[in-house]
Amino acid sequence: NFPIRLKKKKKKKKIKKKNPADEFSNEGVINEYFTHLNKRGDEVSMVDVGGKEITRRTAVARSSVYLPPEVMDAFGIIDGQNEMVGKKGPIFSTARLAGIMGAKRTSELIPLCHPLPIDRVHIQISLQGNRAVIECECCVTHKTGVEMEALTGASIAALTIYDMVKAVSHRVRIESTELISKTGGRRDVVTNLSIE
């Protein structure tokens, strides 16, 4: 009888799962691009703007609301018209007020935004074909910019238009909300976007 040799089972090497944050663990990358994140990229905090310079800052954002033919017909809308009036009242005027209120309350809606003493919010709404085009401009003299306020103002105005015409059609569509320009911060931005 020959002695029986048992084969030792090879232990499988445990593969350590990569943490996606490890790719960004370089302190310079986190600090340069992701100022709301800690060095590991797994915790958020409000950015400290205490050391920044106070400057005049502006931002313009645009939202576009598609109005289907049944809405255009129900309100008797013609191109170039600057107001729509429904059972709830003047739609664009109400949307402008809602957008201004939304811009002023951005820090209550977006968790890491700083509350800002906004100098001005101006909202313009125009009909271009079958689209209501909303432009929201915000201005502040402060240490941080107002692009989130402009985006919020345009978005809330678009949502208000939807709310006020949805009784006619649910095919109304908010097509886009985008930053058009911002000035006064570390870098100025102009996107040159146009409604097609």
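The values are calculated or read from the model by the stated rules, or taken from the named source; none is laboratory data. For clarity, every value in this text was computed on a predicted model and none was experimentally measured. Methodologically, a virtual Cβ is constructed for each residue, glycine included, from the backbone with ideal geometry; neighbour enumeration extends over all protein chains shown. Just so you know, the surface numbers come from the protein's heavy atoms only, side chains and all, with ligands and any DNA or RNA stripped out. Shrake-Rupley method; radii C 1.70, N 1.55, O 1.52, S 1.80 Å.
From the backbone phi of the range 143-155, what are the Karplus-calculated ³J(HN,Hα) couplings (6.51 cos²θ - 1.76 cosθ + 1.60, θ = phi - 60°) in whole Hz, Gly and Pro given as x?
My calculation for the range 143-155 gives 8, 9, x, 10, 5, 5, 5, 5, 5, 5, x, 5, 5 Hz in order.
Between Ser93 and Arg120, what is the label-point separation in nm under the 7 Å Cα-to-beta-carbon projection?
Modelled inter-label distance: 2.3 nm.
Express the carbon and sulfur contribution to the solvent-accessible surface of the range 84-156 as a percent, rounded to the nearest whole number, probe 1.4 angstrom.
C and S fraction of accessible area: 57 percent.
Once R0 is set to 22 Å, what does the formula 1/(1 + (r/R0)^6) return for the Cβ-Cβ distance between Arg56 and Glu83, expressed as a FRET efficiency to the nearest 0.05?
Efficiency at R0 = 22 Å is approximately 0.10.
Per residue, what accessible area does the range 50-196 have, given a 1.4 Å probe and all protein chains present, in Å²?
Dividing the accessible area of the range 50-196 by its residue count gives 52 Å².
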